[in-house]
1. Is it true that H146 is under 15 Å from the mean Cα position of the chain (by Cα) and assigned to a strand (DSSP E or B)?
2. Does S41 fit the bill of being out of contact with any helix residue (DSSP H, G or I) (no Cβ under 7 Å at 6 or more places or on another chain) and buried (at least 21 other Cβ atoms within 10 Å of the Cβ)?
3. Mind counting the residues in the stretch 1-60 that are part of a loop (DSSP other than H, G, I, E, B) and in contact with a Cys (Cβ under 7 Å, 6 or more places away or on another chain)?
4. Before we move on, is W56 at pLDDT 95 or above and farther than 17 Å from H101 by Cα?
5. Pick from the stretch 61-95 the residues that are free of Cβ contacts under 8 Å to residues at least 40 places away in the same chain and in a loop (DSSP other than H, G, I, E, B): which of them is nearest to the chain's Cα centre (by Cα)?
Amino acid sequence: MAENIGNIDDRLVGYWSSLEFSYGVMEATDVGFLADGRGWSAVYNAVGLCVTRFRWSCPEPGLLELRSEWLVEGDSVAQPGPPVFATTQPPEAWVEVTLHHYAFGREAPSPGAEPVPALLLQEHIDFAYVLAPGSREITPEDDPSHHVLPYAESASASASEPEPETER
């Protein structure tokens with residue numbers, strides 16, 4: 001298991017997306033929380049993609065802490081499904097700690113629609129305040145930046161260990 005500070009709320013583990021709630025919006029946010037305390041967020045639109053790699057924990061119930069480590073930006077491939085890089089800029093270290101109060105509830109994805117299960121955030125993650133649950137079974141390979149910035153093999157690897165590949 002990767003180094004983690006604080007507790008993990010198992011209900012957060014998995015893939016989350018704002019796409020269902022992005023009615024009339026030009027961009028969306030996807031977030032992946034791995035069970036070992038690693039994760040990523042991806043904000044994207046038809047032409048661009050930006051992935052932030054982080055460590056996450058819950059220092060207290062209903063409070064999510066994200067410790068950003070890396071940022072990868074580039075052009076995206078316009079296709080259905082999760083975002084994919086077409087080209088990337090070199091990864092850069094990105095150190096930032098953010099706190100996000102959260103609750104689980106239901107939210108209507110568009111005006112007049114029936115509410116669906118949702119993660120409700122008081123402080124946004126990459127512009128998203130509401131995320132719909134996706135698959136709970138995710139791996140580091142589901143991170144859109146994993147080809148550019150591979151995850152360390154060792155469970156005890158430090159945050160600074162990933163070796164970015166050269167620009168593609």
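The values are calculated or read from the model by the stated rules, or taken from the named source; none is laboratory data. Bear in mind that the values here come from a model prediction, so they are computed numbers and not experimental data. Neighbour counts are summed over all protein chains in view; Cβ atoms, including those assigned to glycine, are modelled from backbone coordinates with ideal geometry.
1. Numbers: under 15 Å from the mean Cα position of the chain (by Cα): yes; assigned to a strand (DSSP E or B): no.
The answer is no for H146.
2. Yes; evaluated as a whole, the condition is true for this residue.
3. Looking only at that region, the number is 3.
4. It is false that W56 is at pLDDT 95 or above and farther than 17 Å from H101 by Cα.
5. Here the residue is G81.
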